[in-house]
Amino acid sequence: QDDAGAIRDFDRVLDLAPNHAQAYLYRARAKVAVGDPEGATSDCTRAIALEPKMAGAYYWRANARARLRDIDGAIDDYTQTVRFKPDYAEAYFDRAALRMGRKDPTCAEALVSSPFVVASGLRMRLC
């Protein structure tokens, strides 16, 4: 994977078409992969402003917010994801994992196992 190269390409897409919501979403996914959850959050927020019912943008913003330890914001975004796409199983799973991690009094490791996180080898500590 060349996530940095993808980010550069999406930068160019957005230079040419600044209202391309899908480009913001895919650039956000790449930013999560390279460890830039702040940038991913910003890109998803822009995608949502352009297309308010884009479930994927809420999902990836939730992933980015979880990495930033904004657990309540992430749970809210996973909830929006399933509001717009009720069959989005990964969003239910990830939301449940965050809820479990938030309630664990020992703050033991809780891992979000969305397909992207597993495939990319990323692991996340929630507490």
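Odds and ends about this structure:
- Efficiency of FRET between residue 96 and residue 1 - r from beta-carbon atoms, R0 41 angstrom, step 0.05: 0.90
- For region 24-30, putting each phi into the Karplus relation 6.51 cos²θ - 1.76 cosθ + 1.60 with θ = phi - 60° gives couplings of 4, 4, 5, 5, 4, 4, 5 Hz, in residue order, rounded to whole numbers and with x for Gly and Pro.
- Per-peptide average of other Cβ atoms within 10 Å, ordering 55-64, 81-90 highest first: 55-64, 81-90
- Put 70, 77, 2 in order of accessible area, highest first, and with a 1.4 Å probe you get 2, 70, 77.
- Where 11, 76 fall by accessible area, highest first, once all protein chains stay in place (1.4 Å): 76, 11
The values are calculated or read from the model by the stated rules, or taken from the named source; none is laboratory data. Everything numeric here is computed off the predicted structure, so don't read it as measured data. Don't worry about glycine lacking a Cβ; one is built from the backbone with ideal geometry, like all the others, and counts go over all protein chains shown. We work out accessible area using only protein heavy atoms, side chains counted, and drop any ligands, DNA or RNA first. Shrake-Rupley method; radii C 1.70, N 1.55, O 1.52, S 1.80 Å.
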